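The values are calculated or read from the model by the stated rules, or taken from the named source; none is laboratory data. Not measured: the values here are computed from a predicted model. Here Cβ is always computed from backbone atoms with ideal geometry, including for glycine, and neighbour counts include all displayed protein chains. Only protein heavy atoms, including side chains, enter the accessible area calculation; ligands, DNA and RNA are left aside. Shrake-Rupley method; radii C 1.70, N 1.55, O 1.52, S 1.80 Å.
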Amino acid sequence: MAVPVEAMVVKSAAPPPPPPQPALAEIPAIIGVRDLAPLLKTTAGDMIKKLLQLGIFATINQSLDYETASLIAEEFHVKTKPAPVTQPKEEPPQRPPVEETARLQPRPPVVTVLGHVDHGKTSLLDAIRNAKVAAGEAGGITQHIGAYQVEKQGRKITFLDTPGHEAFTAMRARGAQATDVAVLVVAADDGVMPQTKEAISHARAAKVPIVVALNKMDRETADPPKVMRQLSDAGLIVEEWGGDVPLVRVSAKKMTGIDELLEIILLVSDLAELKANPDRTGAGTVIEAEMDRSRGPIATLLVQNGTLRQGDNLVISDIQGRIRAMFNDRGERLIAAGPSTPVVVLGLPSVPRAGDTFEVVADERAARTMAGLAAAGAQEQAMLKGVKAISLDEIYAQMQAGKIHDLNLVLKADVQGSLEPIHNSLEKLSTETLKVRLIHEGTGFISESDVNLALASGAIVIGFNVEPDSAAKRVAASEGVDVRRYSIIYKLIEDVEKALSDLLEPTYKEVISGRVDVRQVFKVSKKTVAGCYVTEGKATRAGQARLMRGGKPVYDGRIASLKRFTEDVREVNTGFECGVMLEGWEDVKLGDNKSNDPRLQGLTVSAVEVSPDLKHAQVFIVAVGDSEREREVSSGLKSAAPFLRRELGRRINLRLVPAIDFAFDRSIETGDRIERILRDL
């Protein structure tokens, strides 16, 4: 029987459908559990269960970072990629509406006092406060809250009692412009000093009007013409010499000239036409903040616009809270505070950073939302690590894009004679499209203050034959400030010139692996060997060496030999001794490479108390200077404490080295002794 052809055809089975491709979700750096669930096409309840299975306890309102969200997405077979970060567009400043302009009212000026150490900044502030706040008050106590108000001719003036121009610029670096007038204190018997020049540069960078207070006029050695000449050399021409900078002669000790200084401050503020709208919600800047044992987190706020009231909901960066209580600088409780008023507030859940801005919002929900957005933005920026300060490598691209028109530089050199030729050569590099501006120049090591100034001004730090100190390195690394060091002038000028024309070659970053002190020098086979002690990091045989003498580099080259006793070694760690031979260099001296912290100069140890068990030692010191000098000394001693303990144990061969605590000697006997020494001198 014939079988039809059609019946003989075997139908092949259809191919199986391809497996579904996993979905792709864009997830931001921070996302809430509630918002993540729809992206993964699941419910919040299922997500929370899966989180618990992975050992992560989270509620529906909790936020997750990108890594955690990606891990959960894999459990639901969803691929992820980071959501693009949208940068806010820079909009041109807009004029306030007519209604708000009509509500603007004059506000008190906010003043910051700057100047050199021991020129009398603190004394002048105390004189103003004592004369205008506590006068006539029986038992009146003025709290130290970082800011206070005085009254002159029925008008108020707000003074910020900050630690100096470093804090002034650190606040500006975080976007806070709290100062209207800068009072530059200069001692009439001492003149313009390095920190005076720094303060001038910081005030100019902030575009704040300057009033010079010529202090210590009660001394016989006061020489105002000499100081005015030095100010003129620094670029400040006082009104007496035909300039536009007011100068007031004062004596904080005798309390003379205080009224005239306050009058000048009011006059300068009138010219600036300072105004604010007291009818809007409060906004301003955090001046100080700390954790109080009894009251919890407290913050000193400067109201810059609107009115701050008890019970308001505050947002400070990623912190949100409600004002439970509010006090002025005299400790009096306030219900409301208008523009330019400093207040202490209670009710924050944590301590904010000085320099952060605050804002009042309608309710707690809005405050929580804004704080969450701020936290998410901060984490996104931390993940992307965008550099705020400009780098020398980016100048040409930003110039072509029209983003910058000035190249700001902070210049530090080893000696004054190097500054002038570098200054003149750099200024000649200015073009029609880009102007080179030296916002600060000086001699000595690159300090944290220099890096903060560069950060706040979008500048580059250039050092000629000088090194940054440890604090400056730390800030530059964390904030992305470009710090460049040179030993040849033409190379410095050439790099800046190449950067302006997009010809700059890539630079190599110097990484310091360790530091050693030269403790002994001896000859081996007519070769100089340095007996060294590793004070920080480790000494490596394969690394380069830089020999410092008196704070200046005298040798840069290779290590020819590194030994531990008689054995050749690859590296020597902190706390051990070693022998170092430098390639092609014999001029090694005892004490080379020893770093001298300028914060610890001029100290006297007045007494030492040791506990009976020899585990603790209290060292009493005397430092001549004001409270700002004491803060510098405390910071320096804290940094040097580990080194001092190691040296103490090594030099007197102690098996148990006591823990060292430093304290300032404020005893009457010490004061009398110092006074006798100064009188004899």
Spot the failing condition for LYS197; the list is (1) open to solvent by 10 Å² or more (accessible area, probe 1.4 Å); (2) not in a helix (DSSP H, G or I), and only one is missed. (2)
Please verify whether GLU630 is modelled with pLDDT of 70 or more and acidic (Asp, Glu), treating the condition exactly as stated. yes
Going by the structure shown, is SER449 in a helix (DSSP H, G or I) and within 24 Å of HIS116 (Cβ to Cβ)? yes
Does ARG249 count as open to solvent by 60 Å² or more (accessible area, probe 1.4 Å), at pLDDT 85 or above, farther than 24 Å from LEU438 by Cα and basic (Lys, Arg)? yes
Filtering the stretch 456-481 for residues that are open to solvent by 10 Å² or more (accessible area, probe 1.4 Å) and either in a helix (DSSP H, G or I) or at positive phi (or both) leaves a count of 14
Are any residues in the stretch 319-367 over 11 Å from VAL286 (Cβ atoms), open to solvent by 60 Å² or more (accessible area, probe 1.4 Å) and in contact (Cβ under 8 Å) with a residue 24 or more places away in the chain, and if so, which ones? ARG322, ARG330, ILE335, PRO349, GLU359, ALA362, ASP363, GLU364
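Here is a yes/no grid of residues against (1) surrounded by 17 or more Cβ atoms within 10 Å (Cβ to Cβ); (2) among the polar types (S, T, N, Q); (3) in contact with a strand residue (DSSP E or B) (Cβ under 6 Å, 6 or more places away or on another chain); (4) in contact (Cβ under 8 Å) with a residue 12 or more places away in the chain:
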{"site": "ARG293", "(1), (2), (3), (4)": "no, no, no, no"}
{"site": "ILE298", "(1), (2), (3), (4)": "yes, no, yes, yes"}
{"site": "THR307", "(1), (2), (3), (4)": "yes, yes, yes, yes"}
{"site": "SER317", "(1), (2), (3), (4)": "yes, yes, no, yes"}
Cβ-Cβ under 8 Å, sequence separation 6+ or interchain: first residue in the stretch 447-461 and more than 16 Å from ALA413 (Cβ to Cβ) and among the polar types (S, T, N, Q), partner outside any helix (DSSP H, G or I) and open to solvent by 10 Å² or more (accessible area, probe 1.4 Å). Which pairs? SER457/ASN408; SER457/ILE439
Of everything in the stretch 418-445 that's modelled with pLDDT under 75 and assigned to a helix (DSSP H, G or I), which residue is surrounded by the most Cβ atoms within 10 Å (Cβ to Cβ)? SER418
Those residues that are surrounded by 15 or more Cβ atoms within 10 Å (Cβ to Cβ), touching a residue at least 40 places away in the same chain (Cβ under 8 Å), under 25 Å from TYR486 (Cα atoms) and not aliphatic (A, V, I, L, M), I need them from the stretch 532-579; list them, please. ARG549, GLY551, PRO553
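Kindly indicate whether GLU448 is at pLDDT below 70, of a type in the set (Asp, Glu) and out of contact with any strand residue (DSSP E or B) (no Cβ under 8 Å at 6 or more places or on another chain).
no
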So which residues in the stretch 497-531 are modelled with pLDDT of 80 or more and open to solvent by less than 80 Å² (accessible area, probe 1.4 Å), if there are any at all? SER513, GLY514, VAL516, ASP517, VAL518, ARG519, VAL521, VAL524, THR528, VAL529, ALA530, GLY531
